[in-house]
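Nothing in this text is a laboratory measurement; each read-out follows from the coordinates by a stated rule. In this text the structure is predicted, and so the values were computed from the model without any measurement. FYI the Cβ positions are ideal-geometry reconstructions off the backbone, even for glycines, and counts take in every protein chain you see.
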């Protein structure tokens, strides 16, 4: 990639233009601004070397380096565009239309060869959902879902179907990312009392009862979202129902499942009831973050064994975004929330900043891993349209407000190949804003006139949960001899101090009730004891479920097996008090 910084493509009622990324934020002059007011869509190629857009008259394809026009396609009705992973072909989709003279309609999905500009193949694709064919990263395989089967093409030769995966009522599929061999996850909804299921296959091994790499079935699923990690080793499945029969949730019911290509599967245990707002893989493919639960929502990072690694507590959030390098995580509350963003250092699990971007409808990381863009776009919001470019420290680097008689429809960063921007050390100091901003005072809760001159008393509907590390604590066996000796000395001093306090003030100690359960004078020890007892209580519940005849998941059985170790750790902690 020739550009040292990514470009930002902007589309609105005034046309399409490109902005140079940080630190200049000037218009990219190599791209000729398209001022047509009917620009329906645009897209970059996966490596960012090509850019295509449709303006209501033609589809144009240019090189991002010099803005040279490569192809112009006479397609005035095209609404959606997509490049293949290696930029060999361009896919266009236009609304499906029939008429009295032509009741069958015309093929509305075209695949174009970018070397010659010729149409390789045309298909019928009536629905907008799932319109684009899926490719493996090397473009050796291309797949489409047609009439209860997944059809495969090889080498971008679309004249012949080379393979088929046929399952009764298959409604969705997802190809794995990463290197070969390519894997495919397929979803079949349940019917007549039979459960829904997701199966994993390795291309092209589809025949025979033992051909599936993994299988996961579940009853509560009207639809699913399947999310592969970048290495193609595991897929996360969000299964949801449209209606919650218990009446507890307006959003229906959601469950999160983990399926690995080695055959392992598990139900991800989410500690708080409520909807699942977002699930995202870390680019390292070793862990994922889930945002879930009734507001204020929880956010938790899980490892590839579905064990919690870090709990971010509760807050007004409904989305999560990892940086391209995977070293920073942004938890945000957009949509009907106020736009609060929490920026976290994932290696230290330390919060970096907490900016607020009100009325945000779009968020995206810049490929450099240091900047983000937030935008307020129409038609989601037709007022206060515009976009901001932020540094992860919370500083606003660039800000554009669209005039009231215009609209902003879309912004998008130019992608770069993986590794183009190496990870940089995280800076915690506050960085000043590069643009002037008006501080908006937070809205105050309404107080009746009789209480306005009286002190404000804090009252919360929910007690906020604080972040906590969920990694296993270091045991005595893992400590060095010197560390173990120092630990015993500290515990002896605490015990002597506690004993002397009880001798001096025995009556006062017995008369007063503590505000919270306190096991020692060390809050860290208290936290460990509390967490262990919480885990033991959960294990007891699992054992009761097992005794009642319920079949437990693999990760639930693993939790039961940890009971003895937890009891030993609790005993050691209590002996040291």
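Ranked highest first by average number of other Cβ atoms within 10 Å, how do 26-32, 37-43, 229-235, 385-391 line up? Provide the component values of the computation, followed by the final result.
Details: 26-32: 14.0, 37-43: 17.7, 229-235: 19.9, 385-391: 22.3.
The packing order, highest mean first, is 385-391, 229-235, 37-43, 26-32.
Please state the relative contact order of the range 147-195 as a whole percent: Cα pairs under 8 Å, 6+ residues apart?
Numbers: 61 pairs, mean separation 14.0, N = 49.
Relative contact order here is 29 percent.
Mean separation of Cα pairs under 8 Å and 6 or more residues apart, divided by the residue count, gives the range 150-275 a relative contact order of 17 percent.
Just order 353-359, 416-422 by mean Cβ neighbour count inside 10 Å, highest at the front, would you? Could you put the intermediate results ahead of the total?
Working: 353-359: 17.0, 416-422: 14.0.
Those peptides, ordered most packed to least, come out 353-359, 416-422.
Give me the orientation-averaged projected area of the Cα convex hull of the range 37-100, in nm², one decimal.
Mean projected area for the range 37-100: 5.0 nm², to one decimal.
Put in line by how crowded their Cβ is, counting other Cβ atoms within 10 Å and starting with the fewest, 111, 161 read 161, 111.
Assuming a ≥ b ≥ c are the square roots of the Cα gyration tensor eigenvalues, decide whether the range 257-370 counts as rounded (a/c under 1.5), prolate (otherwise, with a/b larger than b/c) or oblate.
On the way: a/c = 1.87, a/b = 1.31, b/c = 1.43.
Since a/c reaches 1.5 but b/c is at least a/b, the shape of the range 257-370 is classed as oblate.
Put a dot 7 Å past the Cα of residue 262, heading toward its Cβ, do the same for residue 160, and the two dots end up 3.8 nm apart. Modelled this way, with points 7 Å down the Cα-to-C-beta line, the labels at residue 212 and residue 560 are 2.4 nm from one another.
Would you mind ranking 341, 128 so that the residue whose beta carbon has the fewest other beta carbons within 10 Å leads the list?
Values: 341 24, 128 12.
Ordered by Cβ neighbours within 10 Å, fewest first: 128, 341.
Estimate the FRET efficiency between residue 171 and residue 381 by the formula 1/(1 + (r/R0)^6), using the beta-carbon distance for r and 35 Å for R0, to the nearest 0.05.
Values: r = 32 Å, r/R0 = 0.93.
E between residue 171 and residue 381, to the nearest 0.05, is 0.60.
Sorting 371-379, 136-144, 555-563 by their mean Cβ neighbour count within 10 Å, with the most densely packed peptide first, gives 371-379, 136-144, 555-563.
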